[in-house]
Amino acid sequence: MKHLLGTDTLSREEAVAYLDSAREFARVADQKMPKLPALRAVTVVNLFFEDSTRTRLSFEAAAKKLSADVITFQGQGSSLSKGESLKDTAQTLEAMGAKVVVVRHGSSGAAHRLAHSGWLNSSVVNAGDGTHQHPTQALLDAYTLRERLLGDQAVGGGLDGITVAIVGDVAHSRVARSNVHLLSLLGARVTVVAPRTLAPRGIESWPADYDHDLDRVVADGPDAVMMLRVQRERMRGSYFPSPREYTKHYALSADRFASLPEHTLIMHPGPMNRGVEIASVAADSPRSTILDQVTHGVWVRMAVLYQVSRGGQVQ
């Protein structure tokens, strides 16, 4: 477990270990301990080639709570604009003492290349690469589901028998891909819902069901509905005729929300397009986990940084 590059290479045992470790960090946080010495004298570099305030701040908070030294490097306005390569940048940062590199990149496979190219000895954590993977988002989503649906019974276990609907632009979503792999690994039954134009090729091989009819899936009463953020430019042209049409058929509207069972959780990775993919009545409901997901993201990323540092060369 030197690296965390995706959920598709995790075993169930490894995934549960991350979730249980995150629960332990949350428990310690409840004791009002501002910092733990677990990564004292370890340098964590956040190497972000894409804007993502939420994910970057979450990793920074997690590293600092573990007493790590944190360096944040953002591609825009850096030497990359002068032609420096990913290899040069990574090796420069390691020369500065980086032991764990958290990377976010617009190209699918960038994190894997960084981890396995031979350029680095550091542990690599994928904070999102292209339309490929976003493993810590999936882990925090699974953690949220375990806590809200299972509570103390969650420790040591997965999500066996839980039903989850993931709705929206699945074709371009690394969140969807990561969640489908992880949730199914943990025993959940996942249904992805998207218009055919926003369903990826080969979806029939995914460990999930596919449906293009959101109302049919809502009528089945899933335990959780995860809405995906939709880029407005994809709701025009070849993907969908207009935002209004998308909202009509694929938003979690007030009516659809009202028809769900009272126990159904509402999830969203953020940031939200209110009134486009989700109605405010759903987003602000007591059944919404959206703010919980933000909080849980810190505990999960603490667990990830701690585990990869122990599994790699950071002692």
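The values are calculated or read from the model by the stated rules, or taken from the named source; none is laboratory data. Keep in mind the model is a prediction, meaning the values are calculated, not measured. Positions of Cβ are backbone-derived with ideal geometry, glycine not excepted, and every protein chain shown enters the neighbour counts. These accessible areas exclude ligands, DNA and RNA; they are computed on the full protein's heavy atoms, side chains included. Shrake-Rupley method; radii C 1.70, N 1.55, O 1.52, S 1.80 Å.
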Practice prompt. Tell me which residues, restricted to the stretch 50-65, are more than 18 Å from Leu4 (Cα to Cα) and touching a helix residue (DSSP H, G or I) at 6+ places or on another chain (Cβ under 8 Å).
Written response: Arg54, Ala61, Lys65
Worksheet item: Restricting the search to the stretch 35-77, which residues are in a strand (DSSP E or B), in contact with a Ser or Thr (Cβ under 8 Å, 6 or more places away or on another chain) and of a type in the set (A, V, I, L, M)?
Response: Val45, Leu47, Val70, Ile71
Practice prompt. Go through Ala154, Ala98, Ala111, Ala127 for me and flag whichever is within 15 Å of Asn46 (Cα to Cα), in contact with an Asp or Glu (Cβ under 8 Å, 6 or more places away or on another chain) and not charged (D, E, K, R).
Written response: Ala111
Worksheet item: Just a yes or no: is a residue in the stretch 277-288 buried (at least 23 other Cβ atoms within 10 Å of the Cβ), within 15 Å of Gln137 (Cα to Cα) and not charged (D, E, K, R)?
Response: no
Item to complete: Would you mind telling me which numbered condition in (1) in contact with a Lys or Arg (Cβ under 9 Å, 6 or more places away or on another chain); (2) surrounded by fewer than 22 Cβ atoms within 10 Å (Cβ to Cβ) Val225 fails?
Response: (2)
Worksheet item: Just checking, which of Ala68, Ala38 is surrounded by 18 or more Cβ atoms within 10 Å (Cβ to Cβ), farther than 30 Å from Trp206 by Cα and touching a residue at least 60 places away in the same chain (Cβ under 8 Å)?
Response: Ala68
Worksheet item: So which residues in the stretch 240-267 are surrounded by 19 or more Cβ atoms within 10 Å (Cβ to Cβ) and over 25 Å from Asp141 (Cα atoms)?
Response: Phe240
Discussion item. On the basis of being of a type outside the set (Ser, Thr, Tyr), open to solvent by 30 Å² or more (accessible area, probe 1.4 Å) and either within 19 Å of the chain's Cα centre (by Cα) or at pLDDT below 95 (or both), does Arg234 make the cut?
Written reply: yes
